[in-house]
Amino acid sequence: MSAIITDQFRISTALDFIDRIKSSRDSYYLFTGLSNPEEYATDWNTNPPAFRDSFDEENKVWETMFSLKKISSEDVRPVIRRYNWQSGTTYDMYHHKISVDSPSFTTDSISLYSSRYYVINRDFRVYICLNNGYDPRNENGRPSLDEPTFVDLEPRSAGTSGDGYIWKYLYTIKPSEVLKFDSTNYIPVPIDWFTSDDYKEVRENALPSSGSGQLKTILIKGFGSDLGDPGTYNNIPIVGDGIGATAAIVVGSDRKVERIFVTNGGSGYTYGIVDLGNSGLTLTAPPSFEVIIPPKGGHGSDIYRELGAKNVLIYSRIENDVQDPDFIINNKIARIGVVQNPLSYDSTAELNKNKASAVSAIKIKSPDNETVSVIQNSFFTQTVGVGRTAVGRVVSYDKPTGVLKYWQDRTQVGFTTDGFINPNPSYGIGLVDFNSQNVINFETTSGSVDSNFSGDTLAINNNTYYLGQTFTNGLSNPEVKYYSGEIIYVDNRPSISRSLNQKEDIKIILQF
């Protein structure tokens with residue numbers, strides 16, 4: 001028994017993912033984390049390990065998560081592989097039969113969507129190739145010499161070189177989408193193809209009612225000979241399961257087929273042949289043709305099906321917002337990912353913030369905040385009772401405000417990085433919470449918790465500092481509930497160090 005998941009299911013799933021974001025059926029957040037990757041793999045920065053998809057690894061991702069940013073409908077687009085038009089390149093062409101049994105003529109691709117049958121030009125216009133110069137003398141096609149630049153609705157050649165290429169214009173990538181969704185390997189597809197007036201003319205051109213109909217291309221498989229007088233033979237029927245399609249054949253001075261083209265595309269075809277019996281040609285040595293069947297609805301009707309939009313690009317920009325400082329600075333991040341439907345801290349309600357902190361925080365009391373020595377990624381402790389020590393790991397420290405952000409590392413409380421028991425733990429077994437009363441001990445200094453401070457802003461010398469999370473008696477919990485929602489994407493990356501004025505543009509490709 002042989003079964004497959006079809007490309008159309010993948011396309012549908014990709015579009016459904018985008019629709020869930022557009023309709024707010026689900027919430028998705030980009031997250032960053034992991035400031036100590038070298039402790040998990042010494043060669044992390046040259047060879048980041050692949051994420052191991054297990055429940056335990058998922059828990060570790062939560063433990064090392066720092067910040068989250070909500071993904072909106074303006075942050076996602078369906079995308080397709082990028083094929084730049086370049087002079088001298090031989091491209092594939094659209095063909096409805098491409099499969100493992102009938103590879104593409106040029107690249108031997110065994111599926112339409114893995115063949116190079118469309119291009120993007122220098123002006124970010126996208127065209128599908130309906131003929132790549134194929135004929136019996138050029139069964140692999142020919143090099144493309146004329147860059148398509150037109151925006152005509154009907155397919156045509158792009159220039160005067162005679163390279164044999166026929167292109168159909170589909171759409172132009174908008175400048176705003178170029179900035180966010182264009183990449184080295186992928187180009188965006190419009191998110192609103194079926195509803196936007198920007199693409200209405202292309203959509204409607206695919207319909208039989210437009211006068212141009214569905215069929216667009218017929219290939220010459222054999223030139224024939226002694227076909228009759230040179231000239232154009234019109235109104236030749238295309239018969240099949242559709243209606244109304246006709247073609248014209250141009251016979252050259254050598255009395256062979258020079259060209260064939262569709263004069264009426266008709267409608268409803270899933271197969272068809274050129275009816276030479278009603279052509280007026282002499283058929284002692286007849287030519288042969290292949291009628292190319294367009295996608296459902298015609299070329300340009302459903303751009304997602306036509307171009308195989310089964311991938312989604314997520315764009316997010318990380319930048320330091322003084323009024324919402326959730327993203328850490330002066331430390332590294334080596335992991336990004338996407339989490340679906342996370343909850344607010346200590347709640348059953350979904351997180352509903354544009355940005356959120358995933359780490360705990362302590363407000364160090366003044367003037368201790370100026371004198372304590374805090375090292376990024378170092379450990380600090382607090383004795384909270386007999387034989388009970390709270391231990392945290394520094395994520396970031398802001399000396400003017402005294403805000404110390406941290407996470408609790410399981411390796412210091414009885415477990416190894418692999419989650420096994422450490423027979424000689426540094427601070428006993430299990431995580432212990434910090435409190436507002438006891439002293440915080442750093443590697444060489446100590447400081448007190450500002451137990452009188454509550455709120456999310458701080459006034460210093462007539463300046464207001466936004467802290468990014470709310471404190472109660474000097475302590476702040478994360479804004480997101482750990483282990484809630486579903487982590488759907490994880491990417492371990494070479495670490496980058498974040499500074500105050502730094503911005504990162506992050507582009508994630510989800511492949512469905």
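Counting just the residues of region 53-84 that are in a loop (DSSP other than H, G, I, E, B) and of a type in the set (D, E, K, R), which one comes out surrounded by the most Cβ atoms within 10 Å (Cβ to Cβ)? Walk me through how you get there before you give the answer.
Initially, region 53-84 is screened for residues in a loop (DSSP other than H, G, I, E, B), giving 53-54, 64, 71-72, 82-83.
Applying the additional criterion that residues be of a type in the set (D, E, K, R) yields 53, 82.
Numbers: Asp53: 9, Arg82: 14.
The selected residue is Arg82.
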Residue within region 28-39 that is more than 27 Å from Asn354 (Cβ to Cβ), under 20 Å from the mean Cα position of the chain (by Cα) and not assigned by TED's automatic domain parsing to the domain that holds Thr411 present: no
Region 328-380 - residue that is within 23 Å of the chain's Cα centre (by Cα), outside any loop (DSSP other than H, G, I, E, B) and charged (D, E, K, R) and, of those, surrounded by the fewest Cβ atoms within 10 Å (Cβ to Cβ): Lys355
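Considering only residues that are among the hydroxyl-bearing types (Ser, Thr, Tyr) and outside any loop (DSSP other than H, G, I, E, B), look in region 295-327 and name the one that is nearest to Pro78 (Cα to Cα). Full working, then the answer.
Residues of region 295-327 among the hydroxyl-bearing types (Ser, Thr, Tyr): 301, 304, 315-316.
From what is left, the residues that are outside any loop (DSSP other than H, G, I, E, B) are 304, 315-316.
Working: Tyr304: 8, Tyr315: 11, Ser316: 15 Å.
Ranking the qualifying residues of region 295-327, first place goes to Tyr304.
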Test for Ile120: is it within 23 Å of Tyr271 (Cα to Cα) and among the β-branched types (Val, Ile, Thr): no
All positions within region 89-103 that are closer than 16 Å to Lys221 by Cβ and polar (S, T, N, Q): Ser102
Lone unmet requirement of (1) surrounded by 15 or more Cβ atoms within 10 Å (Cβ to Cβ); (2) assigned to a strand (DSSP E or B); (3) at negative phi; (4) not acidic (Asp, Glu) for Gly468: (3)
Every pair of residues 6+ apart whose Cβ atoms lie under 7 Å, when the first sits in region 62-76 and is closer than 26 Å to Arg393 by Cβ and assigned by TED's automatic domain parsing to the domain that holds Ile488 while the second is part of a strand (DSSP E or B) and among the polar types (S, T, N, Q): Phe66/Thr32; Ser67/Thr32; Ser67/Ser357; Lys69/Ser316
Single condition Glu258 does not satisfy, out of (1) touching a Ser or Thr at 6+ places or on another chain (Cβ under 6 Å); (2) not in a loop (DSSP other than H, G, I, E, B): (1)
Evaluation of Arg137 against (1) of a type in the set (Lys, Arg); (2) over 26 Å from the mean Cα position of the chain (by Cα); (3) within 30 Å of Asn352 (Cα to Cα) (one fails), failing number: (3)
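I'm checking my understanding of the structure. Among residues of region 306-327 that are charged (D, E, K, R) and under 17 Å from the mean Cα position of the chain (by Cα), which one is surrounded by the most Cβ atoms within 10 Å (Cβ to Cβ)?
Ranking the candidates gives Lys310 first.
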Options Tyr269, Tyr199; residue that is touching a Phe, Trp or Tyr at 6+ places or on another chain (Cβ under 6 Å) and more than 19 Å from Pro136 (Cβ to Cβ): Tyr199
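Which of the following residues is modelled with pLDDT under 95 and surrounded by 14 or more Cβ atoms within 10 Å (Cβ to Cβ): Gly222, Gly242, Gly277, Gly211?
Numbers: Gly222 fails: modelled with pLDDT under 95; Gly277 fails: surrounded by 14 or more Cβ atoms within 10 Å (Cβ to Cβ); Gly211 fails: surrounded by 14 or more Cβ atoms within 10 Å (Cβ to Cβ).
The unique qualifying residue is Gly242.
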Residue list for region 115-169, restricted to those being within 30 Å of Lys180 (Cα to Cα), out of contact with any helix residue (DSSP H, G or I) (no Cβ under 6 Å at 6 or more places or on another chain), aliphatic (A, V, I, L, M) and part of a loop (DSSP other than H, G, I, E, B): Val151, Ala158
Residue list for region 8-52, restricted to those being part of a loop (DSSP other than H, G, I, E, B) and without any contact (Cβ under 8 Å) to a residue 24 or more places away in the chain: Ser23, Ser24, Arg25, Ala41, Thr42, Asp43, Asn47, Arg52
Residue in region 270-280 that is more than 30 Å from Ser111 (Cα to Cα), in contact (Cβ under 8 Å) with a residue 24 or more places away in the chain and either of a type in the set (D, E, K, R) or in a loop (DSSP other than H, G, I, E, B) (or both) present: yes
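The values are calculated or read from the model by the stated rules, or taken from the named source; none is laboratory data. Computed from a predicted structure; not experimentally measured. All Cβ positions, glycine included, derive from the backbone under ideal geometry; neighbour counts span all protein chains shown.
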